[in-house]
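Participant: Have a look at this one before I ask anything.
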Amino acid sequence: ADILEINVTEIIKTLMMAGSMVSINQEIDFDTASIVASEFGFEVVAIKIEDVVSKILEEYDEEESENETIRPAVVTVMGHVDHGKTSLLDRIRKTNVMSSEAGGITQHIGAYTVNVKNQSVTFIDTPGHEAFTAMRSRGAQITDIAVLVVAADDGVMPQTVEAINHAKAAGVPILVAINKIDKPGADPERVKQELTKYNLVVEEWGGETIAVPVSAKTGEGIDNLLEMIVMMSEMEELRADASREARGSVIEAQVKRGKGPVATLLIQQGTLHIGDSIISGTTYGKVRTMIDDKGKRLKKAGPSTPVEVSGLSDILVAGDDFIVLENEKEARQLAEKRKELQKGERVRRTNISLDDLFSQIQDGNIQDINIIIKADVQGSIEAIIQSLEKLDIDTVRINVIHGAVGAINETDVLFAATSNAIIIGFNVRPDKNAIKLADTEKVDIRLYRVIYDAIDDIKKAMEGMLAPEY
Ligand code: GDP
């Protein structure tokens with residue numbers, strides 16, 4: 001009645017005549033509302049709440065940031081298991097946080113900030129490319145620099161390669177930390193040599209990759225590593241406008257005793273204040289308290305700062321974005337509507353599949369076909385890559401964004417979902433979780449026993465001749 005500017009009683013009368021006995025307090029569904037509105041000569045158009053939120057985010061992004069200043073880099077540590085990722089994160093925190101913030105009690109909130117020569121650097125506390133890609137698959141692009149940890153006594157290992165591929169696909173620059181140089185068997189030169197195979201050529205050999213020898217155990221080289229991170233972030237010219245309303249990503253979320261649902265938010269743009277109304281996913285919140293990683297209570301927090309906030313109506317989801325809305329009522333309503341919608345069908349993501357490859361190429365929607373190859377032996381991966389390279393047609397490029405030995409796992413599927421890629425399994429199968437995830441994320445997994453068949457399928461898909469697989 002409000003929108004149509006028609007008296008409520010008129011509307012109720014019309015409804016009654018149509019057989020709906022309703023009072024002013026009752027809700028009517030979309031179809032009924034459409035019919036009533038059409039009686040008065042109006043046409044009703046459904047707006048998806050997701051679209052409303054996307055529009056708010058889009059408008060935010062399009063708006064000029066007028067007061068941009070340098071912001072701290074956000075760093076994620078990656079590398080092979082046991083190469084010292086956790087030790088490195090601990091060492092950096094210990095040597096750079098405790099001493100400078102006398103009296104503070106370290107809070108594990110999922111990320112922390114250190115000071116390097118009057119510049120800040122923010123580290124994400126969960127190391128590994130799995131966490132990195134899981135966040136990315138939810139739309140969070142938070143990492144500015146990936147620190148790749150390689151143990152000097154072990155060299156480049158399978159997960160080192162995975163980490164390199166995940167960082168590259170995300171377009172995140174890599175800085176190498178050659179760790180465990182205190183160990184007798186350490187051979188940093190060998191590590192540098194092995195890295196060249198993956199196009200990471202260190203500066204002293206004419207490349208652009210910075211590699212810093214460190215020991216997370218003794219602390220040797222850590223200062224140097226931090227200085228290199230600052231230098232790299234200066235080269236990246238990372239900027240943000242602190243004068244705007246805040247938006248960013250959720251890093252961690254949980255329920256804390258006495259505080260209710262809390263979440264660690266990484267502010268990527270603008271400044272977050274106590275009392276701000278935020279929406280994230282289907283959750284609404286009004287920031288009640290805010291603490292940093294030293295346990296200090298804050299009234300406001302600017303770009304690249306991780307803060308733990310309370311005042312949320314529910315548990316947030318890591319990797320979701322959050323945005324501050326001027327109007328508290330609007331934020332609450334949007335969150336509620338989003339929740340209602342989610343009760344119905346889950347919002348489906350569209351991912352590329354071999355079957356619709358041709359039409360997408362024809363429509364000019366894709367110029368790049370991203371492929372992930374998992375195989376039983378390394379030789380097969382290389383053979384497939386070589387054959388695929390020969391397939392290139394003028395308008396489309398095939399990129400093998402990742403190739404590795406082993407079964408197809410959840411991380412592969414998330415990586416494919418994030419990068420809009422097809423997974424090819426050669427003499428390997430997806431594990432149970434991978435199958436489930438591929439189903440919800442709509443990722444196309446193709447299994448082959450003969451290389452020729454794989455190549456032939458892709459060729460046919462590119463030419464629009466593939467018989468659909470049921
Ligand atoms: P992550 O799996 O990559 O997180 O590796 P961790 O940080 O858990 O380290 C694995 C093992 O290597 C632990 O036993 C650490 O104590 C040890 N370690 C880590 N960094 C160093 C180092 O610089 N020197 C030596 N000698 N040992 C290290």
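Participant: Kindly state, to the nearest 0.05, the FRET efficiency for ILE6 paired with VAL45, given R0 = 22 Å and r defined as their beta-carbon distance.
Facilitator: 0.80
Participant: Could you pull out the GluC sites (Glu not before Pro) across the range 14-53 that fall in loop regions by DSSP (anything but H, G, I, E, B) with no more than 16 other Cβ atoms inside 10 Å?
Facilitator: GLU27, GLU43
Participant: For the residues GLU10, GLU441, what sequence is obtained by ranking on other C-beta atoms within 10 Å, fewest first?
Facilitator: So the residues, fewest neighbours to most, are GLU10, GLU441.
Participant: Right, here's the next one. Size of the dipole of the range 116-242 about the Cα centre, Lys and Arg at +1 and Asp and Glu at -1 on the beta carbon, nothing else charged, in debye to 20?
Facilitator: Dipole magnitude for the range 116-242 comes out near 340 debye.
Participant: Treating only the Cβ atoms of Lys and Arg (+1) and Asp and Glu (-1) as charged, compute the dipole magnitude of the chain about its Cα centre; round to the nearest 20 debye.
Facilitator: The dipole of the chain has a size of about 1820 debye.
Participant: Just grab the label-to-label distance for GLN367 and ARG449, each label 7 Å out from Cα along the Cβ direction, in nm (one decimal).
Facilitator: Using points 7 Å along Cα→Cβ, the separation is 4.1 nm.
Participant: Rounded to the nearest 0.05, what FRET efficiency do GLU330 and MET235 give with R0 = 45 Å and r taken as the Cβ-Cβ distance? Could you check?
Facilitator: 0.65
Participant: Also, I was wondering about something else. When a/c is below 1.5 the answer is rounded, else prolate if a/b is larger than b/c, else oblate, so apply that to the range 52-164 with a ≥ b ≥ c taken from the square roots of the Cα gyration tensor eigenvalues.
Facilitator: It is oblate, given that a/c is not under 1.5 and a/b is not larger than b/c.
Participant: Another one. Report, in deg cm²/dmol and to the nearest 500, the calculated mean residue ellipticity at 222 nm for the chain, where each DSSP H run with n ≥ 4 adds -39500 (n - 2.57) and the sum is divided by the residue count.
Facilitator: -10500 deg cm²/dmol
Participant: In what order do LEU238, LEU148 fall by count of nearby beta-carbon atoms within 10 Å, going from fewest to most?
Facilitator: Ranking LEU238, LEU148 by Cβ neighbours within 10 Å, fewest first, gives LEU238, LEU148.
Participant: Which of LYS217/LYS296; LYS286/LYS339; LYS180/LYS294; LYS94/LYS217 have a Cα-Cα distance over 19 Å?
Facilitator: Pairs exceeding the cut-off: LYS217/LYS296; LYS180/LYS294.
Participant: Show me the ranking of peptides 122-133, 247-258 by mean Cβ neighbours inside 10 Å, starting with the highest.
Facilitator: 122-133, 247-258
Where a number appears in this text, it was derived from the coordinates with a stated rule and is not lab data. Worth saying up front: this structure is predicted, and the values here are computed from it rather than measured. Note: ideal-geometry Cβ built from the backbone for every residue, glycine included; neighbour counts use all protein chains shown.
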